[in-house]
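Working notes for the structure below.
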Amino acid sequence: MSITKNTDPAPYVLPVIVAAQFCCTSLWFASNGVMDNLIADFNLSTKALGGLTSAVQFGFISGTLIFAWYSLADRFSPSLVFLFSAMMGALANLGVIWSGHSFGSLFFLRFITGFFLAGIYPVGMKISADYFAEKLGRSLGFLVGALVLGTAFPHLLKVITNESLSWRAVVVTTSILAAFGGLMMWFFVPDGPYRKPGQRLSGTAIFEVFRYPKFRAAAFGYFGHMWELYAFWAFVPVMLATHQQLHSSTNLDVSWWSFLVIAIGGLACVLSGQLSLKFGTAKTARLALGLSGVCCFLSPLFFYFSFPVFILFLFFWGMVVIADSPMFSTLVANNAPPEIKGTALTLVNCLGFSITIISIQLLTWLSGVFPGEWLYVILGIGAVDTIYELYHS
């Protein structure tokens with residue numbers, strides 16, 4: 001299939017990118033969806049949640065460093081990079097079903113899964129940018145929405161298979177989905193018309209993009225957003241369990257409600273993409289981030305409300321915590337030099353996910369020090385810092 005720069009993308013291109021992203025990012029929280037089973041079957045500490053979640057983040061950071069250092073998404077076909085990463089990530093994820101694991105071996109496999117997610121999430125954004133130079137915020141809204149649904153999907157699989165199948169069915173299903181997503185991208189989405197092949201840059205040159213003020217503001221905005229996002233996602237089941245402990249009469253399915261709280265963010269990404277067309281990308285990002293920061297600071301209060309009020313609060317938080325993500329990615333992509341756009345996106349992802357490890361581990365440590373309902377106030381720091389950066393850029 002030949003595509004010229006004067007030809008609009010085929011109508012199936014964006015749906016295929018979105019579907020592939022959904023399938024492949026289901027690997028991200030595959031272990032979180034069956035965390036209780038992993039703890040029971042492999043005799044793990046109850047703090048394995050923070051450790052195994054951070055393993056994926058560590059892997060992702062390492063992967064993005066390698067991908068950025070060698071400019072893989074700019075020097076080679078992004079669709080090929082996506083396919084290879086999807087297959088390797090699927091294999092690493094599948095290894096979790098072995099019955100002889102220790103925490104160390106599980107940590108290693110989740111690390112490898114995260115490493116190859118570096119060739120999926122930012123490369124998927126690069127592919128989208130290569131096709132949709134105009135209205136990029138809208139297309140990335142769909143793309144990040146797919147990431148959200150993929151992140152939430154293991155929780156839904158746990159609900160579906162809980163009564164009839166082993167937890168290993170969740171792991172196998174996410175691996176099959178990832179492989180399928182990689183094949184879809186390879187067969188149906190060739191290099192986009194706006195792709196500019198790049199050359200390998202030196203280790204210092206890849207950081208030179210931070211000399212551009214608008215790029216720097218967008219990147220630091222993304223960092224503040226990431227301080228909150230993955231810590232929130234990782235601790236949604238903990239939030240629900242904490243509420244249940246405070247209200248002993250409440251009996252709820254934590255996996256089901258965790259899926260809904262995370263998944264509703266996919267709708268928010270699509271909505272923010274549409275709003276950005278009318279109000280602008282930066283303004284939409286500020287609004288979502290500000291509302292998310294308010295949720296952080298008010299969260300202790302809502303733990304004492306009845307479950308219907310609490311879950312509505314979590315739904316709202318689950319929307320605004322992610323709605324700014326496609327906006328920041330758009331700002332980063334639009335303010336990076338075209339020939340290193342893929343590298344810039346990958347580098348910013350690398351640094352952003354480094355920050356998620358700090359916030360996740362901090363919450364894990366604080367959970368043994370403070371009452372559960374007070375843990376999440378500290379996540380609001382990212383919103384305050386980011387809004388300041390955006391206003392003063």
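Observations, loosely collected:
- For the stretch 76-134, the set of residues classified as over 23 Å from residue 57 (Cβ atoms) and aromatic (Phe, Trp, Tyr) consists of 76, 131, 132, listed by residue number.
- All conditions in (1) modelled with pLDDT of 90 or more; (2) closer than 30 Å to residue 189 by Cα; (3) hydroxyl-bearing (Ser, Thr, Tyr) hold for residue 70, with the sole exception of (1).
- Test result for residue 220, closer than 14 Å to residue 317 by Cβ, buried (at least 17 other Cβ atoms within 10 Å of the Cβ) and either within 20 Å of the chain's Cα centre (by Cα) or in contact (Cβ under 8 Å) with a residue 12 or more places away in the chain (or both): no
- Residue within the stretch 162-175 that is out of contact with any strand residue (DSSP E or B) (no Cβ under 7 Å at 6 or more places or on another chain), of a type in the set (D, E, K, R) and either crowded, with 18+ Cβ neighbours inside 10 Å or under 20 Å from residue 15 (Cβ atoms) (or both) present: no
- Within the stretch 7-26, the presence of a residue that is assigned to a helix (DSSP H, G or I), more than 19 Å from the chain's Cα centre (by Cα) and farther than 19 Å from residue 183 by Cα is excluded.
- Checking 332, 309, 321, 270 one by one, the residue that is free of Cβ contacts under 8 Å to residues at least 24 places away in the same chain and β-branched (Val, Ile, Thr) is 309 and no other.
- Any hit, the stretch 190-211, residues being at pLDDT 80 or above and over 23 Å from residue 328 (Cβ atoms): yes
- Selection status of residue 9, buried (at least 22 other Cβ atoms within 10 Å of the Cβ) and touching a residue at least 60 places away in the same chain (Cβ under 8 Å): no
- Residue within the stretch 336-348 that is in a helix (DSSP H, G or I), at pLDDT 90 or above and either under 17 Å from the mean Cα position of the chain (by Cα) or among the β-branched types (Val, Ile, Thr) (or both) present: no
- Residues satisfying the stated conditions in the stretch 71-107, i.e. without any contact (Cβ under 8 Å) to a residue 24 or more places away in the chain and of a type in the set (Phe, Trp, Tyr): 76, 98
- The set of residues in the stretch 27-53 that are part of a helix (DSSP H, G or I), surrounded by fewer than 24 Cβ atoms within 10 Å (Cβ to Cβ) and among the small types (Gly, Ala, Ser) comprises 40, 48, 50, 51.
- Within the stretch 253-280, considering residues that are under 19 Å from the mean Cα position of the chain (by Cα) and of a type in the set (S, T, N, Q), the one surrounded by the fewest Cβ atoms within 10 Å (Cβ to Cβ): 255
- Matching option when the condition is in a helix (DSSP H, G or I), closer than 18 Å to residue 210 by Cα, within 21 Å of the chain's Cα centre (by Cα) and at pLDDT 90 or above, among 378, 355, 322: 355
- Hits in the stretch 25-53 - residues which are closer than 22 Å to residue 173 by Cβ and among the small types (Gly, Ala, Ser): 26, 30, 31, 33, 40, 48
- On inspection, residue 365 qualifies as part of a helix (DSSP H, G or I) and free of Cβ contacts under 8 Å to residues at least 12 places away in the same chain.
The values are calculated or read from the model by the stated rules, or taken from the named source; none is laboratory data. Since the model is a prediction, treat every value here as computed from it, not as a measurement. Cβ atoms come from the backbone with ideal geometry, glycine included; neighbour counts cover every protein chain shown.
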